[in-house]
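Written out below as structure tokens is the structure these notes cover.
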Amino acid sequence: MTPLSWRRRAPDVPVRDLELVAVDLETTGLDPSSHEILSIGVVPVRRGVIELGGARQYAVRPSGPTGVGSSATVHGITDDEAAAAAPLAEILPQLLTDLEGRVLLAHHATIETGFLAAACRATSHEVPALTVVDTVRLQRRVLQRGRTRGHVADEELSLAAARRHFGLPRYRSHDALTDALACAELYLAQVAVLAGDHDLTLRALIR
């Protein structure tokens with residue numbers, strides 16, 4: 001495959017000028033070495049604005065013989081729906097194009113980056129050198145502000161709990177596109193708090 005021109009974003013670029021893509025994956029499990037992607041939600045965030053016109057969702061057909069399995073109880077994707085989807089090899093090039101030159105934004109981003117790397121290796125694509133912003137890490141920083149001991153419980157860091165902290169609306173969880181949108185909205189709220197009256201750079205965001 002011809003590699004895309006991946007490049008990390010300059011660390012001193014102001015957050016207000018960033019171009020990000022919020023990504024959420026629904027999978028058959030949590031281990032990229034043995035589980036598969038079933039659905040991908042993508043929501044662009046350009047210079048502090050969520051671009052709903054660029055939002056998209058990809059359904060992915062698993063290659064394994066067991067199909068969706070017990071994970072259907074979490075995300076609601078059935079074996080029939082998964083079987084009717086396109087294979088990962090057809091979808092991954094478009095996803096990589098969506099990400100090229102942009103910062104990947106995700107909640108618990110190690111899930112997305114782990115599955116993305118595994119997908120690239122499985123389909124003979126270059127694993128992209130992405131700059132990543134994780135809203136879990138940002139939420140920990142938000143909650144630690146003003147706390148004497150700075151302790152943050154794990155249950156405070158879920159996507160739903162983090163959104164409740166900011167008074168954001170409740171969405172149905174475990175739908176890739178909805179969760180990507182929820183992550184993008186959360187990110188904007190977090191940045192507003194962390195920046196305050198000062199300009200925030202990408203370096204400060206990912207420290």
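Do the sum for the chain: with -39,500 (n - 2.57) for every DSSP H run of n ≥ 4, divided by all residues, what is the mean residue ellipticity at 222 nm, to the nearest 500 deg cm²/dmol? Walk me through the numbers before you get to the answer.
Working: 8 runs with 77 residues, N = 207.
Calculated from helices alone, the mean residue ellipticity at 222 nm is -11000 deg cm²/dmol.
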Exercise. By how many degrees, 0 to 90 and rounded to 10, does the Cα axis of helix 176-195 deviate from the longest principal axis of the chain?
Worked result: 20
For this session: Summarise the long-distance tail of P(r) for the chain by giving the % of C-alpha pairs beyond 28 Å.
Result: 28
For this session: Grab the beta carbon distance between ARG140 and THR78, set R0 = 30 Å, and tell me the FRET efficiency rounded to 0.05.
Result: 0.25
Exercise. To the nearest 10 degrees, how steep is helix 109-122 against the longest Cα principal axis of the chain, on a 0 to 90 scale?
Worked result: 30
Exercise. From the backbone phi of the range 198-207, what are the Karplus-calculated ³J(HN,Hα) couplings (6.51 cos²θ - 1.76 cosθ + 1.60, θ = phi - 60°) in whole Hz, Gly and Pro given as x?
Worked result: 10, 6, 10, 9, 4, 4, 5, 6, 9, 4
Seminar exercise, completed: So ARG170 and GLU155, fully extended at 0.36 nm per residue minus their Cα-Cα distance, gain in nm 3.8 nm
For this session: With θ set to phi - 60°, apply the Karplus curve 6.51 cos²θ - 1.76 cosθ + 1.60 along the range 124-136 and write out the HN-Hα couplings as whole Hz, x wherever there is a Gly or Pro.
Result: 6, 9, 5, 6, x, 8, 7, 8, 10, 10, 10, 6, 5
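Looking at the chain only, what percent of DSSP beta bridges run antiparallel? Nearest 5 please.
Values: 16 of 24 bridges.
If we restrict to bridges inside the chain, about 65 percent are antiparallel.
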Exercise. Once the Cα atoms of helix 88-99 and of the chain are each reduced to a long axis, what angle between those two axes, in degrees from 0 to 90 to the nearest 10, is obtained?
Worked result: 20
Exercise. Roughly how many debye, to the nearest 20, is the charge dipole of the chain about its Cα centre, given +1 on each Lys and Arg Cβ, -1 on each Asp and Glu Cβ, and no other charges?
Worked result: 940
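Throughout, read-outs are computed from the coordinates displayed, never taken from laboratory work. Note that the structure is a prediction, hence the values are computed from the model and not measured. Positions of Cβ are generated from backbone atoms using ideal geometry, with glycine treated the same way; all protein chains shown enter the neighbour counts.
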